[in-house]
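Worksheet: one structure, shown below.
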Amino acid sequence: MADKHRIQFEPVGIEMEVGEEEKILDAAFRQGIHLMHGCREGQCSACKSYLLEGDIQMERYSTFACNDAEVAEGYVLLCKSHAYSDCTIELLNYDEEELLGGIPIRTVGTRVAAIEPVTRDIVSLRLEPAEQFDFKPGQYVDITIPGTDEHRSFSMATTQSTPGEIEFLIKKYPGGRFSALLDGELAVGDELSLTGPYGSSTLKDGHVLPVVCVAGGAGMAPILSILRHLKETGSTRPVRFYYGARTAADLFYLEAIKELGADLTGFEFIACLSESAQDSDGLQVEEGNVTEIVERREAELHRSEVYLCGPPPMVDAALALLEASNVPKDQVFYDKFTSPATDGA
Ligand SMILES: Cc1cc2nc3c(=O)[nH]c(=O)nc-3n(C[C@H](O)[C@H](O)[C@H](O)COP(=O)(O)OP(=O)(O)OC[C@H]3O[C@@H](n4cnc5c(N)ncnc54)[C@H](O)[C@@H]3O)c2cc1C
Ligand code: FES
């Protein structure tokens, strides 16, 4: 009995092979087919597709990503799907450029160059890759938790312009399998292995719409990468960056953002403080929840490309706003910072 099956993707007409033991998204990556994806953990719904024909079974996933009614109708999450027959799958979202032209995924060794706190609970981790590591602005990697075969995903804050050092911004969770290691266990000189790049929430070259970025907490990382890329490529797209934090004490990298903004067109940085807008040192600060502030200030969201990164509740609230504001889905890019430890099922 054959345990390999053919998968036909529509409407793009791409075909590939998958073994029953392999998840469809992983098989696609292995064969250089970059399907739309986010968390790769069955939690964010970015890989949701429609099964036209065939037998697919899913591993454990979050019903927030694909609810029971959708599953009954034929929707599947490709990051959790195994094929048990030849299948035809309709891709609901795809990026023609990325599909066959994405950066190949590899594993590289790195050395810890610096670990520095930037707020009370966010740390900057700088890694020196042992060899050239290519990625696009807004992408992320899986860092292996030392001594295990588990990993956690972290977004690059830097760009290809600093190939010798990649920066990550990491929120510390008490007892977090990876993030708690940044509290003294991991040290400069230690080795870490990373695999990637992953993520479809990248900046697309050649696009012209204004860019609206919305981030919270460590979601600052991929946005910094995007801002840096816009500056490095001399982009003239207007850019606004809404950053959600609790108080002014949770803001960081303000000087770096100001410097980046000075070279960007019509740049505005709006700090959205949910608890207190006091002591914000002449910054442009709004008091309230970041999504409400975006709604209040952005009348033309449907004529923008929107990048969302950070805690899942923030991203979900912003996605609801974008839907209500009729922003076309192909103008929205997001990464929900989910954890395999909080699967939300
Ligand atoms: C595509 C993607 C990109 C990401 N990029 C980043 C990034 O740039 N920076 C970053 O800091 N993180 C990022 N994350 C999240 C990161 O991968 C880890 O999930 C997170 O750091 C927690 O891992 P941990 O091992 O420290 O904690 P875990 O051992 O996984 O969790 C320990 C405990 O921490 C708490 N916890 C963990 N995550 C959450 C959460 N999201 N909400 C509420 N409580 C939580 C829970 O109580 C949990 O039981 C990203 C995730 C994804 C999917
Ligand atoms: S649910 Fe599949 S990539 Fe997030």
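The values are calculated or read from the model by the stated rules, or taken from the named source; none is laboratory data. None of these values were measured; they are calculated from a predicted model. Glycine gets a Cβ as well: all are built from the backbone with ideal geometry, and neighbour counts include every protein chain shown. Protein only, heavy atoms only, side chains kept; ligands, DNA and RNA dropped before computing areas. Shrake-Rupley method; radii C 1.70, N 1.55, O 1.52, S 1.80 Å.
Only one entry of E275, E286 meets the criterion of being open to solvent by less than 60 Å² (accessible area, probe 1.4 Å) and either away from ligand 1 (no atom under 16 Å from the Cβ) or in a helix (DSSP H, G or I) (or both), and that entry is E286.
Between P313, P340, the distinction of being outside any helix (DSSP H, G or I), modelled with pLDDT under 95, under 24 Å from L169 (Cα atoms) and under 22 Å from the mean Cα position of the chain (by Cα) belongs to P340 only.
Just so you know, in the stretch 61-91 the residues that are modelled with pLDDT under 95 and surrounded by fewer than 19 Cβ atoms within 10 Å (Cβ to Cβ) include one that is farthest from ligand 1 (Cβ to nearest atom), and it is T63. For I115, the conditions (1) away from ligand 2 (no atom under 16 Å from the Cβ); (2) of a type in the set (V, I, T); (3) surrounded by fewer than 17 Cβ atoms within 10 Å (Cβ to Cβ); (4) modelled with pLDDT of 95 or more are fulfilled apart from (3).
Here A69 passes the criteria (1) touching a Lys or Arg at 6+ places or on another chain (Cβ under 8 Å); (2) free of Cβ contacts under 8 Å to residues at least 24 places away in the same chain; (3) more than 14 Å from ligand 2 (Cβ to nearest atom) except the one numbered (1). Looking at the stretch 316-337, which of the residues that are assigned to a helix (DSSP H, G or I) and within 16 Å of ligand 2 (Cβ to nearest atom) is modelled with the lowest pLDDT? The extreme case among them is K329. Within the stretch 17-27, one or more residues are out of contact with any Ser or Thr (no Cβ under 8 Å at 6 or more places or on another chain), of a type in the set (D, E, K, R) and within 16 Å of ligand 2 (Cβ to nearest atom).
Here is the figure for the stretch 118-138: residues that are among the polar types (S, T, N, Q) and either at pLDDT below 95 or more than 21 Å from the chain's Cα centre (by Cα) (or both) total 2. Among the residues of the stretch 32-50, is there at least one that is more than 16 Å from ligand 1 (Cβ to nearest atom), open to solvent by 10 Å² or more (accessible area, probe 1.4 Å), more than 25 Å from F333 (Cβ to Cβ) and at pLDDT 95 or above? Among the residues of the stretch 32-50, not one is more than 16 Å from ligand 1 (Cβ to nearest atom), open to solvent by 10 Å² or more (accessible area, probe 1.4 Å), more than 25 Å from F333 (Cβ to Cβ) and at pLDDT 95 or above, which makes the answer no.
Annotation: of all residues in the stretch 148-176 being of a type in the set (S, T, Y) and under 22 Å from A215 (Cα atoms), the one that is farthest from the chain's Cα centre (by Cα) is Y173.
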